[in-house]
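Working notes, beginning with the structure itself.
The values are calculated or read from the model by the stated rules, or taken from the named source; none is laboratory data. Because the structure is predicted, anything quoted here is derived from the model rather than measured. Quick reminder, even Gly has a Cβ in these numbers, built from the backbone with ideal geometry, and neighbours come from all protein chains shown. We work out accessible area using only protein heavy atoms, side chains counted, and drop any ligands, DNA or RNA first. Shrake-Rupley method; radii C 1.70, N 1.55, O 1.52, S 1.80 Å.
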Amino acid sequence: MPTRRAVTGRSREPRARFAEELRLLRTARGHSLRELGERLGWDWSLFGKMEKGETVGGPEVVQALDVHYGTPGLLLALWELAVSDKTQFKERYRRYMALEADAVSLWHFAVSVLPGLLQTPAYARELLAAGGLKGEALEQQVQARMGRRSLLEGEGAPPFRTILSEATLRTALRDAGEWRKQLEHLVEMSERPNLTLQVLPQRAGLHGLSSTDVWFLRLPDARTVAYTENGYGGDLIEENAAVERVQRVYDATRDLALSPAESRIFTLGVLEELPWDRST
């Protein structure tokens, strides 16, 4: 798809517009990339990649650029739009992401991996790296995933129910300290009024979603769509009868799960089982 252009001739795609503004501001000053790097103390190649749209960089470097160019808050605002741009996600997720952003409520079941909306940066990074991402591509996807978490924040945040298989709480990160932070984050999130967290214990046995992660999105027009996913692909289900079939399986699985109060106690129990690092 060609990049959309506004009447100014500049891109209307957030990531492309961010890259364009960076390039225009630098060239207007008559600086080379090397000169910019020397002035700000960053590797000049980073600025080159940002101007090509290969990465959006981090908030610290963007804030430094805002100060350097005398554009307080402008570049940081464009950066925030670029980070949350849905086109940065893999193609198979884009339709789902557009629907997720509009959902008035969400339901979810996890087989063995925590949902992105509840992941810490360390969890997302290790998971995405295990899938083969590395370098700038890895950091881009981590930033994108962290940007999704804003969906659950603010007064208008939609209600979100997630059922976590016990395996998600037993599959630890390599870094014990980061794993502790992830579990603490889960406990903290479970206290939010718009979030319901349940745990499906292993003793529940086999069930209809034993090998399938699933999301349900309730949309403003009262439709519900489902998205089933495994490690290598996903399937968006929009036909009513098919959605209802998956919904019945989800409801049966929810009947096997612990209550929210029991689930919080269970999660705290897993957290308490972790060894403390006595060196800290």
From the options Tyr250, Tyr227, residue that is among the hydroxyl-bearing types (Ser, Thr, Tyr) and either part of a strand (DSSP E or B) or within 21 Å of Ala98 (Cα to Cα) (or both)
Tyr227
Please determine, by comparing only the residues of region 263-280 that are open to solvent by 90 Å² or more (accessible area, probe 1.4 Å) and not charged (D, E, K, R), which one is modelled with the highest pLDDT.
Ile265
Output for region 199-223, where each listed residue is outside any loop (DSSP other than H, G, I, E, B) and either farther than 22 Å from Ala124 by Cβ or free of Cβ contacts under 8 Å to residues at least 24 places away in the same chain (or both):
Leu200, Gln202, Arg203, Ala204, Phe216, Arg218
Among the listed residues Leu256, Leu164, identify the single one that is under 16 Å from Gly116 (Cα atoms) and hydrophobic (A, V, I, L, M, F, W, C).
Leu164
Only one of (1) under 20 Å from Thr120 (Cα atoms); (2) open to solvent by 40 Å² or more (accessible area, probe 1.4 Å); (3) not in a helix (DSSP H, G or I) is not met by Leu236, so which one is it?
(1)
So Ala77, is it at pLDDT 80 or above and farther than 30 Å from Leu256 by Cα
yes
Does region 240-262 contain at least one residue that is basic (Lys, Arg) and surrounded by 15 or more Cβ atoms within 10 Å (Cβ to Cβ)?
yes
(1) assigned to a helix (DSSP H, G or I); (2) charged (D, E, K, R); (3) free of Cβ contacts under 8 Å to residues at least 40 places away in the same chain: which one isn't true of Glu184, the others all being true?
(3)
Mind checking which pairs have a first residue in region 104-115 that is farther than 26 Å from Asp221 by Cα and a second that is of a type in the set (A, V, I, L, M) and assigned to a loop (DSSP other than H, G, I, E, B), Cβ under 9 Å, 6 or more apart or different chains?
Val111/Leu209
Kindly indicate whether any position in region 119-141 is open to solvent by 30 Å² or more (accessible area, probe 1.4 Å), under 22 Å from Asp255 (Cα atoms) and modelled with pLDDT of 90 or more.
no
Candidates Arg174, Arg218 - the one that is open to solvent by 60 Å² or more (accessible area, probe 1.4 Å), over 19 Å from Ala103 (Cα atoms) and not hydroxyl-bearing (Ser, Thr, Tyr):
Arg174
Residue check: is Thr87 among the polar types (S, T, N, Q), open to solvent by less than 90 Å² (accessible area, probe 1.4 Å), modelled with pLDDT under 85 and in a helix (DSSP H, G or I)?
yes
As an exercise: evaluate Ser105 against (1) within 18 Å of Ala226 (Cα to Cα); (2) surrounded by 15 or more Cβ atoms within 10 Å (Cβ to Cβ); (3) hydroxyl-bearing (Ser, Thr, Tyr) and give the number of the one condition it does not meet.
(2)
Within region 33-46, of all residues that are at pLDDT below 90 and in a helix (DSSP H, G or I), the one most open to solvent (accessible area, probe 1.4 Å) is Trp44
Please count how many residues of region 149-171 are without any contact (Cβ under 8 Å) to a residue 40 or more places away in the chain and open to solvent by 30 Å² or more (accessible area, probe 1.4 Å).
5
